[in-house]
Amino acid sequence: MSRVFNFSAGPAMLPEPVLRKAGEEILDWHGSGMSVMEMSHRGPEFQSIIDHAEADLRELMAIPDNYHVLFLQGGASSQFAAVPFNLLRDKGKADYINTGSWSKKAIGEVKRYCDVNVAATAENENFTWIPKQGQLDLDPSAAYCHMTTNNTIFGTEFHYTPDTGDVPLVADMSSDILSRPIDVSRFGVIYAGAQKNIGPSGLTIIIVRDDLVGHAEDWCPTMLDYKTHADSGSMYNTPPTYGIYIAGLVFQWLKENGGLSAMAGTNQRKANKLYRAIDGSDFYQSPVTPEDRSYMNVPFTLVKPDLDATFLDEAAAQGLSTLKGHRSVGGMRASIYNAMPEEGVDALIEFMHEFEKRNA
Ligand code: PMP
C-alpha cells in the first residue's frame with residue numbers, strides 16, 4: 001500500500017494514526033460487537049464517544065463554560081442561513097467582511113433576510129489581501145459581524161481578530177479551525193465544516209455563546225435553531241455519528257501531539273518553507289500579499305501557465321496529488337492542513353525545484 005501526499009482543499013488528508021485506529025475498531029468498537037456506524041446514537045457507547053469528543057475539543061480550544069458545542073449536519077453552508085435566523089433578533093441588519101468566495105456566498109444568503117453592510121471588501125483585487133482593523137466600516141448597531149478567518153480558495157488568512165466592540169463576532173473557521181490557538185471568548189459564534197481539519201465531511205461544528213441561543217425568529221426551521229440542538233446535546237435527531245467518532249480520534253491525536261500551540265508551530269514552518277520556495281524562484285509566483293498569506297492553503301502559479309498540466313501530471317506520478325488550483329485563481333493550490341506531514345511539504349518543494357530546473 002502506498003499513500004499519496006494529498007493536497008486537496010477538502011475533504012482533505014486525515015492523520016494516518018487516526019485512520020489506522022478507525023480501521024482496527026471498524027468491526028468491533030471496544031468490545032461492543034459492532035461498528036460505531038451501526039450503533040444507536042441513544043446508547044451509552046455512543047454517548048461516551050460524543051462526550052469525550054466534546055470534552056477534548058473544549059480542552060484543545062480552551063472553550064469557556066458559557067459556550068455550547070454543537071455537532072450538526074448541513075455543512076458550513078447551512079450556517080450561512082442559521083446565523084441570521086438565530087442572531088438577527090429585531091435588529092434587521094448585519095455586517096459582513098467580504099474576503100472571498102465563501103464570504104460572498106454567506107452574503108448572498110443573508111441578503112434574503114436582512115440589510116447587509118459590507119464592512120470591507122477585497123474583491124477589487126481578486127481577494128489577494130485581508131482588510132486591516134482600520135479599514136473596517138463597522139456599524140455599532142448591527143446584529144453581528146461575520147468574517148471568514150481563512151479563505152480556502154484565495155489563500156488569505158486573518159492574522160488578527162477584528163475588534164467589533166459589543167457586536168458579536170461570527171466566524172466561519174471551516175479551513176483553519178484547530179490550526180492554531182485562538183481566544184474563543186472574542187467570538188459569539190464559530191462554525192466549521194469538518195472536512196479539512198476535523199474529520200470527514202457531513203459533520204459541522206458550532207461553538208456558540210449561550211446568550212446568543214434561544215432568540216431565533218419564530219419562523220426559523222427547528223433544525224436551524226441553535227436552541228433545538230443546545231437543549232438536546234446535539235441529539236434532537238440522528239447526528240452524524242461516524243463523523244463525530246472520527247473527529248474524536250482527531251482530537252485525541254491533536255492532544256497526543258502537543259495541542260494547538262504545537263500545531264501552529266508546525267503549520268507555520270510548513271507554510272513558510274513553501275512560500276520561501278515560491279518567492280525564491282522566478283518560475284513560481286504567489287498572488288497573495290505576503291502579510292496576509294494563509295498557513296493552510298497556498299495558491300501559486302507558474303510563470304509559464306502552458307506547463308500547468310505537465311506540472312500536475314508529473315507531481316501526481318510522484319505521489320503529490322490534487323494540486324490543481326481553483327478556477328478563480330488558476331495555477332496550483334497546496335492545502336497543507338494539520339494532517340499534511342512536513343515530509344509532504346518537503347517532497348513538494350523538492351519536486352518544484354526539480355521541475356523548474358528542467359523547464360525554466
Ligand atoms: N466556508 C469555507 C471557508 C469553506 O472552505 C467551505 C468549503 N470548502 C465552506 C464554507 C462550505 O462548506 P460546506 O461544504 O461544509 O458547506
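The values are calculated or read from the model by the stated rules, or taken from the named source; none is laboratory data. Bear in mind that the values here come from a model prediction, so they are computed numbers and not experimental data. Positions of Cβ are generated from backbone atoms using ideal geometry, with glycine treated the same way; all protein chains shown enter the neighbour counts. Each accessible area value is taken on the protein alone, full model and side chains, heavy atoms only, with ligands, DNA and RNA left out. Shrake-Rupley method; radii C 1.70, N 1.55, O 1.52, S 1.80 Å.
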Can you compute the modelled spin-label distance between residue 28 and residue 346, with each label point 7 Å from Cα toward Cβ, in nm? 3.9
Using the per-residue mean of other Cβ atoms lying within 10 Å as a proxy for protection, in what order, highest first, do the peptides 218-225, 320-327 fall? 320-327, 218-225
If you wrap a convex hull around the alpha carbons of the stretch 259-359, what volume per residue comes out, as a whole number of Å³? 98
When ligands, DNA and RNA are left out and all protein chains stay put, how many square angstrom of accessible area per residue does the chain have with a 1.4 Å probe? 42
Can you give me the relative contact order of the stretch 166-261 as a percent, contacts being Cα pairs under 8 Å and 6 or more apart? 25
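Helix-derived [θ] at 222 nm for the chain: sum -39500 (n - 2.57) over DSSP H runs of at least 4, divide by residue count, nearest 500?
Numbers: 9 runs with 121 residues, N = 360.
-10500 deg cm²/dmol, from helical runs alone.
At a threshold of 8 angstrom on Cα-Cα distance, excluding pairs fewer than six apart, so keeping six or more, what relative contact order does the stretch 241-321 reach in percent?
On the way: 40 pairs, mean separation 16.3, N = 81.
Relative CO of the stretch 241-321 lands at 20 percent.
Going by the alpha-carbon gyration tensor, a ≥ b ≥ c the square roots of its eigenvalues, is the stretch 129-256 rounded (a/c under 1.5) or, if a/c is not under 1.5, prolate (a/b greater than b/c) versus oblate? Intermediate results must be reported in sequence, preceding the final value.
Values: a/c = 2.12, a/b = 1.17, b/c = 1.81.
Note, shape of the stretch 129-256 comes out oblate.
Here are some pairs, 21/255; 196/270; 273/357; 21/324; 21/196; which of them have Cα atoms lying more than 21 Å apart in this structure? Walk me through the intermediate numbers first.
Details: 21/255 15 Å; 196/270 16 Å; 273/357 19 Å; 21/324 30 Å; 21/196 19 Å.
As for pairs spanning more than 21 Å Cα to Cα, those are 21/324.
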The alpha-carbon pair-distance distribution computed for the stretch 54-184, with 10 angstrom bins and whole-percent values, is 12, 43, 38, 8, 0
In terms of Cα to Cα distance under 20 Å, which aspartates and glutamates are near enough to residue 304, apart from those fewer than 8 places away along the same chain? 279, 282, 313, 314, 350, 354, 356
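Sorted by average packing, counted as other Cβ atoms within 10 angstrom per residue and highest first, what order do 90-96, 313-319 take? Before the final figure, lay out each step's value.
Values: 90-96: 18.4, 313-319: 14.4.
Descending packing order for the listed peptides: 90-96, 313-319.
Multiply the residue gap between residue 354 and residue 47 by 0.36 nm, knock off their C-alpha separation, and tell me the result in nm, one decimal place.
Numbers: separation 307, 0.36 × 307 = 110.52 nm, distance 5.12 nm.
Full extension of this stretch gives 105.4 nm more.
Write down, largest first, the equivalent ellipsoid semi-axes of the chain in whole Å, where each equals the square root of 5 times an eigenvalue of the alpha-carbon gyration tensor.
Details: eigenvalues 223, 160, 50 Å².
Semi-axis lengths for the chain are 33, 28, 16 Å.
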Show me the ranking of peptides 207-215, 349-357 by mean Cβ neighbours inside 10 Å, starting with the highest. 207-215, 349-357
Give me the aspartates and glutamates in straight-line cross-link reach of residue 104: C-alpha distance below 16 Å, same-chain residues under 8 apart excluded. 95, 115, 123, 125, 157, 172
Relative contact order of the chain, please, whole-number percent, based on alpha carbon pairs below 8 angstrom and at least 6 residues apart. 23
I need the shape label for the stretch 309-360. Rule: rounded when a/c is under 1.5, else prolate if a/b > b/c, else oblate, with a, b, c from the alpha carbon gyration tensor. oblate
Taking the alpha-carbon centre of each part, the distance from the stretch 190-261 to the stretch 27-92 in Å is 4
